[in-house]
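A.B. asks: Take this structure first; my questions come after.
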């Protein structure tokens with residue numbers, strides 16, 4: 001009898017361990033970007049899984065072994081273009097299967113993110129639409145507008161909400177609304193044209209934001225954010241440009257560290273993270289870019305001062321990854337402190353958002369009034385193509401590249417283009 005009791009006890013322990021050891025699915029999310037769709041599964045522990053594609057009809061299948069849905073409240077997210085339906089089921093007692101029904105063939109990549117507050121383990125699957133379909137809507141190079149082209153970059157998005165106010169306002173939503181208003185204003189000006197690096201609520205990695213600006217051949221880059229601070233009374237707007245020496249203030253250093261960590265929240269595989277900034281970055285081209293960035297930043301700062309408080313009355317410098325487009329003027333606008341109750345309320349209001357957008361627009365107009373590249377259809381015609389040269393320090397590790405730079409010896413001002421690499425939106 002005692003042997004029978006012992007056997008039953010061992011069996012119960014084994015069952016209990018099996019239940020306690022099961023990986024639980026705590027949530028599922030779907031983010032749709034212009035080129036990719038990201039599907040995210042929240043998990044209580046590191047999962048064992050398998051992913052594969054099926055044809056006729058097109059499906060993507062995710063098998064999670066020794067896993068279960070944590071509660072009846074965890075439901076598949078709403079679907080979007082390409083993903084027609086999301087289903088869950090059990091092909092056997094030890095496997096939780098998640099199926100994405102698709103309306104077309106896709107390719108996919110996947111990676112697992114380690115827990116980082118407030119997120120648990122996250123299994124991330126990025127679906128890429130058929131490239132032959134994308135090719136049908138690709139704009140030919142010759143159709144590129146001759147207007148001064150500005151990349152407007154609303155920070156954060158998707159799984160990365162950015163700063164969150166005590167009233168629940170999310171930075172990612174506020175800055176997207178401001179950016180959309182700014183683009184409409186810019187596109188009403190005959191000299192300029194603008195586009196968004198993020199058009200909806202999905203994540204775009206820091207390097208991809210730079211790559212989008214490079215690909216579109218932007219002439220300037222403006223990233224829009226809202227501040228956060230431990231001191232809840234902190235208030236006012238700030239303008240930042242890239243620093244080649246270090247942050248010009250402790251606040252700038254702290255903000256840069258916070259914004260540069262966005263990829264960890266938004267979800268970027270470790271192998272796609274950006275290397276640290278190096279001193280050996282195309283010094284002559286960088287000097288010109290920093291000079292122009294400060295000019296642009298100063299014009300915007302003077303306009304923002306007319307509508308509200310400033311946190312800093314000068315253009316600050318910090319090592320923001322998203323400003324490393326190298327050879328075009330690039331600024332980051334911190335529109336106010338979302339962690340300040342009064343400013344959170346203002347930032348949520350349509351009136352304040354319109355005022356901020358118009359102030360940035362007026363600053364751009366003032367910059368365009370004196371910047372020759374904003375007045376000429378082709379920069380090489382203004383200065384002569386022979387003045388376009390590259391300056392790279394011998395022996396340097398080239399982390400960022402450029403198609404062309406002006407030699408400072410042979411020009412007074414000028415505008416060139418682009419840089420960098422690639423990653424994934426959420």
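The values are calculated or read from the model by the stated rules, or taken from the named source; none is laboratory data. No experiment lies behind these values; they were computed from the predicted model shown. Here Cβ is always computed from backbone atoms with ideal geometry, including for glycine, and neighbour counts include all displayed protein chains.
A.B. asks: Please state which of the following conditions residue 184 fails to meet, knowing it meets all the rest: (1) surrounded by fewer than 17 Cβ atoms within 10 Å (Cβ to Cβ); (2) in contact with a strand residue (DSSP E or B) (Cβ under 7 Å, 6 or more places away or on another chain); (3) assigned to a helix (DSSP H, G or I).
C.D. replies: Unmet for residue 184, out of (1) surrounded by fewer than 17 Cβ atoms within 10 Å (Cβ to Cβ); (2) in contact with a strand residue (DSSP E or B) (Cβ under 7 Å, 6 or more places away or on another chain); (3) assigned to a helix (DSSP H, G or I): (2).
A.B. asks: I'm trying to understand the selection: among the residues of region 337-358, which are surrounded by fewer than 24 Cβ atoms within 10 Å (Cβ to Cβ) and under 27 Å from residue 291 (Cβ atoms)?
C.D. replies: 357, 358
A.B. asks: Just to be sure before I move on: is residue 74 at pLDDT 90 or above and in contact with a strand residue (DSSP E or B) (Cβ under 8 Å, 6 or more places away or on another chain) in the structure I sent?
C.D. replies: Values: at pLDDT 90 or above: no; in contact with a strand residue (DSSP E or B) (Cβ under 8 Å, 6 or more places away or on another chain): yes.
The answer is no for residue 74.
A.B. asks: Of all strands (runs of 3 or more DSSP E) completely enclosed by region 62-123, which ones contain at least 2 residues that are more than 14 Å from residue 28 (Cβ to Cβ) and free of Cβ contacts under 8 Å to residues at least 60 places away in the same chain?
C.D. replies: The qualifying strands (runs of 3 or more DSSP E) are 83-92, 95-102, 106-113.
A.B. asks: Right, here's the next one. Any idea how many residues of region 33-48 are buried (at least 21 other Cβ atoms within 10 Å of the Cβ) and farther than 11 Å from residue 203 by Cβ?
C.D. replies: Count: 4.
A.B. asks: Specify the residue that is modelled with the highest pLDDT; the eligible residues are those in region 305-336 that are part of a helix (DSSP H, G or I) and buried (at least 24 other Cβ atoms within 10 Å of the Cβ).
C.D. replies: 323
A.B. asks: Further, regarding this structure: What tally of residues in region 370-391 results from selecting those that are in contact with a helix residue (DSSP H, G or I) (Cβ under 9 Å, 6 or more places away or on another chain) and either modelled with pLDDT of 90 or more or surrounded by fewer than 18 Cβ atoms within 10 Å (Cβ to Cβ) (or both)? Reasoning before the result, please.
C.D. replies: Step one: list which residues in region 370-391 are in contact with a helix residue (DSSP H, G or I) (Cβ under 9 Å, 6 or more places away or on another chain), which gives 370-376, 379-380, 382-384, 386-391.
Imposing the further condition that a residue be either modelled with pLDDT of 90 or more or surrounded by fewer than 18 Cβ atoms within 10 Å (Cβ to Cβ) (or both) reduces the set to 370, 372, 375-376, 380, 382, 384, 386-387, 389-391.
The total comes to 12.
A.B. asks: Can I ask one more? Going through 229, 179 one at a time, which residue ends up being in the same structural domain as residue 371 (by TED's automatic domain parsing) and at pLDDT 95 or above? Outline the logic, then answer.
C.D. replies: Values: 229 fails: at pLDDT 95 or above.
The unique qualifying residue is 179.
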